[in-house]
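Worksheet: the structure to be examined is printed underneath.
Since every read-out is calculated from the coordinates, none of them should be taken as a lab result. Just so it is clear, the structure is predicted and the values come from calculations on it, not from any experiment. Reconstructed Cβ throughout: ideal geometry from the backbone, glycine too, with neighbour counts over all protein chains shown.
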């Protein structure tokens with residue numbers, strides 16, 4: 001077979017090879033026998049490598065760093081949103097006294113020469129103690145430059161972390177106060193009235209929600225809320241009525257139970273709006289039962305509080321701080337920086353405990 005015959009033979013077989021998945025686009029012909037005598041296979045041994053065996057590339061070359069920084073989420077801080085917030089004093093103020101006046105007196109039968117009957121005023125000064133708390137921000141020069149390589153503004157992130165830590169602790173004191181001081185919270189003020197027990201439900205328990213399912217009916221849930229309103233009206237001796245502005249505070253889980261619908265297609269939220277038009281509904285995780293997933297929850301169980309915003313022009317109470325966030329001087333070390341930030345709290349100042357009713361175990 002000469003070269004021309006080898007070319008022709010290859011052309012005849014190209015389609016057959018491609019049907020079997022063999023593609024050799026650069027080949028023009030078979031190798032004629034006459035050509036083979038001029039070629040010999042090299043049978044030399046493969047020389048040993050001088051470097052370590054490797055078939056890859058450095059991993060950082062195929063690693064992508066997402067430019068968006070994702071922050072770990074925490075439960076929201078809602079005490080100030082629920083109960084309001086005010087500043088009282090400064091960070092040098094240790095004790096706050098709240099003047100309270102009660103009118104006293106008695107009458108007697110009239111007579112031109114009678115001198116019976118008296119009128120007076122009794123004043124007391126309930127006190128609360130403040131609590132200062134702090135955190136320290138620290139960062140080094142090398143740490144800053146290394147974070148910069150990753151496009152992370154380390155100083156800004158540490159500033160936000162300090163603000164978050166102070167704010168979250170302050171929020172916790174608004175619910176529980178500070179142990180060992182005359183500093184109380186919404187859930188543990190000793191002057192609050194005793195908590196009500198929810199009515200037994202048709203399903204067999206007293207809870208609104210059990211096992212992630214709303215077990216109580218809409219009417220049963222609304223009846224518990226009515227009980228709170230009745231308690232509020234009773235302990236204020238009628239100073240509060242269903243037309244007054246009130247706030248119903250409960251856990252996010254219990255708030256979802258308000259979507260339960262009765263046989264007339266009306267849910268609990270609708271019943272609240274119809275019967276108590278000025279009642280607001282707020283939620284916070286601290287009203288939920290304490291658990292491993294909710295360590296800041298109420299130890300007594302799922303809690304609901306109902307408080308009137310004010311009675312005869314006086315606020316029921318408010319959350320209070322004496323210092324929101326005080327930034328102290330930045331201290332320069334040899335190759336690092338430190339800065340202290342401080343805040344202060346009075347807890348929740350409940351001026352009129354009779355304006356709050358609560359229920360535990362829903």
- Calculate the spin-label point distance for residue 152 paired with residue 14, positioning each point 7 Å from the Cα along the beta-carbon direction, and give it in nanometres. 6.0
- Site residue 280, offset 7 angstrom along Cα→Cβ, radius 12 Å on amide nitrogen, limited to the range 65-79, gives 79
- Note on the structure: Within the set 28, 280, 324, GNM on the chain using Cα springs under 10 Å gives the largest fluctuation to 28
- Item | Estimated FRET transfer efficiency (residue 342, residue 223; beta-carbon r; R0 41 Å; 0.05) | 0.30
- Could you check the simple spin-label distance between residue 121 and residue 24, using points 7 Å along Cα→Cβ, in nm with one decimal? 11.4
- Would you indicate which of [x] 160; [y] 195; [z] 332 is the value of volume of the Cα convex hull per residue in Å³ derived from the coordinates of this structure? [z]
- residue 191 to residue 312: FRET efficiency via 1/(1 + (r/R0)^6), r the Cβ-Cβ distance, R0 25 Å, to the nearest 0.05? 0.85
- Query: What is the distance, in nm, between label points placed 7 Å from the Cα along the Cα-to-Cβ direction at residue 168 and at residue 273?
  - Reply: 3.5
- Any chance you could check the Cα centroid distance between the range 50-127 and the range 317-362 for me, in angstrom? 6
- So which residue, out of 272, 225, 124, gets the largest mean-square fluctuation from a GNM of the chain using Cα contacts under 10 Å as springs? 124
- Query: What FRET efficiency would be calculated for the residue pair residue 261, residue 160, taking the C-beta separation as r and a Förster radius of 41 Å, to the nearest 0.05?
  - Reply: 0.45
- Message: Quick check for you: which residues of the range 140-174 have the amide N under 16 Å from the point 7 Å beyond the Cα of residue 334 toward its beta carbon?
- Response: 140-143
- Using alpha carbon centroids, what distance separates the range 139-175 and the range 237-284, in Å? 39
- Message: With a 10 Å cut-off between alpha carbons and a GNM built on the chain, which of 118, 75, 336 moves the most?
- Response: 118
